[in-house]
Amino acid sequence: MSASAILHLEKGTCFGYRSGPPWKRQDRRLVEVGAPVKLGPGLHLLVAPNGTGKTTLLKTLAGLNTPLEGKLVLPAAVHYFADELKADPELTAGSFFRAFFKKGSLVRAEKLAADLRLDLRKQIGKLSRGNRQKVLLILAEIGAGAGEGSFLLMDEPLTGLDAETRAQVTALWAGAGAGITRLVVMHELESVAQASSLLTIARGQLKHAAEKTGATWMDTYQALQA
Amino acid sequence: MKSIRPWSLFRLAQAGIMSRSSCWLLLLGAGLFAWLAPLLTPWEENPQIFQPARAQAAWIYAWLALFTWLPYQASALGARMRRDGVLEHLRAGGMKPWQQCLQLSSALWIWAAAVVGVALLVCLVFTRPARAEEAALWAVLVCQYGALYFLCAAPLLLLGVCLGTRTAEVIAFLVPAGLLLSGLFGAVWLAPLLGGSSLAVFKSVWLALPHYHLADLTPRLVFKMGPLNSSDFFSSAMILLLQGVALSILGRCLYRTRS
């Protein structure tokens, strides 16, 4: 994996934010890289308790913040899907996709929508929460799917989805887009059987497990948190 | 993001505006206002006033749109796109803030251009003078009016969008509307006090005021005074352009992608 790794995080790289008035800025450190981390194509899970800095880490990796210490170089096309990302409720899912995708990608988006049983003619505002989430998942998959070396950052993308759709989405992640590196923040570890690695934040340290240390990823998570 | 269209934000903004339908009412209203407002004048006593009154109504509507619908849409668009995280998403994908700013503003410039288009249509098709020489001068004047109006509208809408991404929608709406109000009427009222003053402070205040009154050629249309000569037109256009550049730079500084 390391040969084609897209993300290299050196030991000591610090993530957080600066707060306070401009003349009295203070660094608020949330996450420090304890040991070097290398992520290549595949599905990487980021699981950590609330308020530990997952979103700040993701935003920094997306290039929206700068690291407090260390340097970050990402030789990839970044696709960041924040937790608060929403599609315009007045648009239909079809017109939303038409705004983003050219012909070939649009056909793929429509096919994926059919697979996920998403009605493209319905206004997004009238869709259920799970179906609205599907709109963003399709945007993420088709947007990242075309480019080799894409880095997809997603903040809790499975929230609001039913068990069947979760299974469909995780199967899609496992099967499609060999060149895509996915870093996904989630809490529903039980719904992911196949993943390349797991990252967690324990006592302000970013920890990485490239392989399962138990029967499930939940065991790995608990081992890293211990 | 090669699979994503290069002008995706423009398309998304445009689709959002069109799905809200009020844009069609704006254009329908432009036609109806130019048609119906002159009927309120005593045109039966003097039918000659009917034609310039129709042209006047078309341009009054264009200015009204720049006071109301257009800045409201600009502020709402900026606020909505930032709140929904779309700007942050595209920023992470490599779309620079100035590109976002340009695409969002373009989505509104189209509607400002459409309002100007209706006014031009009314002036050039329905109220064009019958005599050939007069008609040629009328057409030049109307085109000058359209160009100057657009030089006022474009930076104000850009500022509205940028303020929408930074602050409350109501402020983002009121600032461009207030600037337009002061530039169209305030500058004219203050001209004798500030412009004619010998005090440098007053003169500086006068220079700093927006001078949108330069773009208001309605009296020339109504009284058939003919087009501005080219030096007057270019100096007015240059002043409005420089003001527009200053507002655009201010807008770009205020633009924010963070949701």
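Residues of the range A:49-58 include none that is surrounded by fewer than 17 Cβ atoms within 10 Å (Cβ to Cβ) and among the hydrophobic types (A, V, I, L, M, F, W, C).
Of the residues making up the range B:193-201, at least one is in contact with a helix residue (DSSP H, G or I) (Cβ under 8 Å, 6 or more places away or on another chain), in a loop (DSSP other than H, G, I, E, B) and more than 25 Å from B:Leu254 (Cα to Cα). Summed over the range A:186-209, the residues that are surrounded by fewer than 21 Cβ atoms within 10 Å (Cβ to Cβ) and modelled with pLDDT of 90 or more give a count of 7.
Filtering B:Ala76, B:Ala58, B:Ala34, B:Ala15 for residues that are modelled with pLDDT of 95 or more and closer than 25 Å to B:Leu217 by Cα leaves a single hit, B:Ala58. For the range A:56-84, the set of residues classified as over 19 Å from A:Ser19 (Cα atoms) and within 8 Å of chain B (Cβ to nearest Cβ) consists of A:Ala62, A:Ala77, A:Val78, A:His79, A:Tyr80, A:Phe81, A:Ala82, A:Glu84, listed by residue number.
A:Pro41: in contact (Cβ under 8 Å) with a residue 40 or more places away in the chain, under 20 Å from the mean Cα position of the chain (by Cα) and either more than 19 Å from A:Ala144 (Cβ to Cβ) or surrounded by 15 or more Cβ atoms within 10 Å (Cβ to Cβ) (or both), yes or no? Yes: the conditions hold for A:Pro41. Close contacts from the range B:150-165, counting a first residue that is without any contact (Cβ under 8 Å) to a residue 24 or more places away in the chain and a second that is assigned to a helix (DSSP H, G or I) and of a type in the set (Gly, Ala, Ser), with Cβ to Cβ under 6 Å and a gap of 6+ residues or different chains, come to none at all. Of the helices (runs of 4 or more DSSP H) that lie entirely inside the range A:70-156, those containing 2 or more residues that are of a type in the set (Asp, Glu) and surrounded by fewer than 22 Cβ atoms within 10 Å (Cβ to Cβ) span A:103-115. Applying the criterion of being of a type in the set (A, V, I, L, M) and in contact with a Gly (Cβ under 9 Å, 6 or more places away or on another chain) to the residues of the range B:208-227, the residue that is modelled with the lowest pLDDT is B:Leu209.
When only residues in the range A:1-34 that are hydrophobic (A, V, I, L, M, F, W, C) and either touching a helix residue (DSSP H, G or I) at 6+ places or on another chain (Cβ under 6 Å) or at pLDDT 90 or above (or both) count, which is farthest from A:Thr181 (Cα to Cα)? Taking the candidates together, the pick is A:Leu30. Only one entry of A:Gly160, A:Gly177 meets the criterion of being at pLDDT below 95 and either more than 13 Å from chain B (Cβ to nearest Cβ) or outside any loop (DSSP other than H, G, I, E, B) (or both), and that entry is A:Gly160. On the given criteria, is A:Leu118 touching a residue at least 12 places away in the same chain (Cβ under 8 Å), more than 8 Å from chain B (Cβ to nearest Cβ) and closer than 16 Å to B:Gly94 by Cβ? No, not satisfied. Checked against the criterion of being farther than 24 Å from A:Leu172 by Cβ, of a type in the set (D, E, K, R), outside any loop (DSSP other than H, G, I, E, B) and without any contact (Cβ under 8 Å) to a residue 40 or more places away in the chain, the candidates A:Lys11, A:Lys59 yield just one match: A:Lys59. Taken together, the residues in the range B:67-86 that are under 16 Å from the mean Cα position of the chain (by Cα) and surrounded by fewer than 22 Cβ atoms within 10 Å (Cβ to Cβ) amount to 4. Within the range B:228-245, the set of residues being surrounded by 12 or more Cβ atoms within 10 Å (Cβ to Cβ) and not in a helix (DSSP H, G or I) comprises just one member, B:Leu228.
If I ask for residues that are facing chain B (nearest Cβ under 7 Å) and not polar (S, T, N, Q), which ones from the range A:85-100 would you list? Matches in the range A:85-100: A:Leu85, A:Lys86, A:Asp88, A:Glu90, A:Leu91, A:Ala99, A:Phe100.
Taken together, the criteria place B:Ser204 among residues that are over 21 Å from the mean Cα position of the chain (by Cα) and exposed (fewer than 15 other Cβ atoms within 10 Å of the Cβ).
Screening B:Trp98, B:Trp59, B:Trp109 for residues that are on the phi < 0 side of the Ramachandran plot, crowded, with 24+ Cβ neighbours inside 10 Å and of a type in the set (Phe, Trp, Tyr) leaves exactly one candidate, B:Trp59.
Those helices (runs of 4 or more DSSP H) of the range B:1-68 in which 2 or more residues are within 14 Å of chain A (Cβ to nearest Cβ) occupy B:8-19, B:22-36.
Taking the condition away from every other protein chain (no Cβ under 14 Å) and either more than 24 Å from B:Arg166 (Cβ to Cβ) or loosely packed, with under 13 Cβ neighbours inside 10 Å (or both), does B:Ser248 pass? Spelling it out, it is not the case that B:Ser248 is away from every other protein chain (no Cβ under 14 Å) and either more than 24 Å from B:Arg166 (Cβ to Cβ) or loosely packed, with under 13 Cβ neighbours inside 10 Å (or both). Tell me yes or no: at least one residue of the range B:12-22 is buried (at least 22 other Cβ atoms within 10 Å of the Cβ), hydroxyl-bearing (Ser, Thr, Tyr) and either farther than 30 Å from A:Glu141 by Cβ or under 19 Å from the mean Cα position of the chain (by Cα) (or both). The answer is no; no qualifying residue exists.
The values are calculated or read from the model by the stated rules, or taken from the named source; none is laboratory data. All of these numbers come straight from a predicted model, not from anything done at the bench. Virtual Cβ from ideal backbone geometry, glycine too; neighbours counted across all protein chains shown.
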